[in-house]
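What follows is one structure encoded as structure tokens, with my remarks underneath.
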Amino acid sequence: MTARLFEPAASVNASTWVRFLRCLPNEVFLSGTIGKTSRAVIRGSRLFNTLFGLPCYGKNPARLLGTIKSGSPPVGCSLTQTNYRMDSTERFSDRVENYAKFRPNYPDALIRFVQERLSPPGVIADIGSGTGILSDQLLNAGYAVYGVEPNEPMRREAERRLESRPGFHSVTGTAEATTLGSGSVDTVTCAQSFHWFDRTRTRVEFTRILREPKLVLLIWNERISEDLMEEYDRILQESAPEYSRVGRREVTDGDIADFFAPTPVEQFDFPNAQRLDRDGFLGRVLSSSYVPNVGQPGHEVVMNRMEAFFDRYAQLGWIDFPYQTRVYLAQLNTV
């Protein structure tokens, strides 16, 4: 997504900076320097920024008097264009309900595959566990699961679903800083999450928390390329500007090999599918962070096209999403 970048001049004082932040419209990436580097992201009704290292929460920008679109930034603040970038740990804050309801599970064959390599009971750290989709399946298989998730709304949804389950532990942390004890887990899983991580720091952290057999599984549900999905993909390319940047995992097989080097990596594919009615299909579309959400620019355009897509291809009120669940498996060794 191309978005406005607002840069205050170095001479702008702190009060002007705060006033500047609070007049911005939703969904911008902001950066500037006032003695120290400062940056901010506005998402939905909350303003997140770092000002001299201290968190500051602003009001809903939509309720403030005037915005950049209808007025001018404070004196000393300039307006340019840049590529929009959202902190990956906060990308899904406004998608939690749709994500939990409409994202696909992982195939039973994958869970059996995990059991063949780590017999239950064992301890698994599910890193970037989100709303707990994979964590739930691992708990059902007999494992103790530490669901490590930095995004508060996603983590709370996982807790709501799973906190009563024996063996589930909700952890506020990131891949780079899990807060787990050294040598505390047998296996790490990363489902739909590894592409967001700082790989260098993540390797150090995974090496620290893992004990034998030190297994790591990187997992993605990937849409299968066929005529139906190619048209779906084309709608996203044309109507969801962020899709080209974050719609596909930007991690190559070479990146994954480098992460595990010198240990060889095994790759496995499992068939998966999801059958969706109209509400489920539209919810699945909106569960993706690159699709403009309700009230955001471009939302009606992309959703109108998706409704037409469903009406064209649904059979008896249902549409099938074919997936391939791709798994990369390796032991994380330091020599």
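What to note about this one:
- Here 268, 102, 113 are placed in order of increasing Cβ neighbour count within 10 Å, fewest first, which gives 268, 113, 102.
- Pairwise FRET efficiency - residue 109 versus residue 231, Cβ, R0 = 22 Å, nearest 0.05: 0.20
Values in this text are rule-based calculations from the coordinates and carry no lab data. Here the structure is a predicted model, which is why all the values come from computation and not from measurement. Every residue, glycine among them, receives a Cβ derived from its backbone with ideal geometry; neighbour counts consider all protein chains shown.
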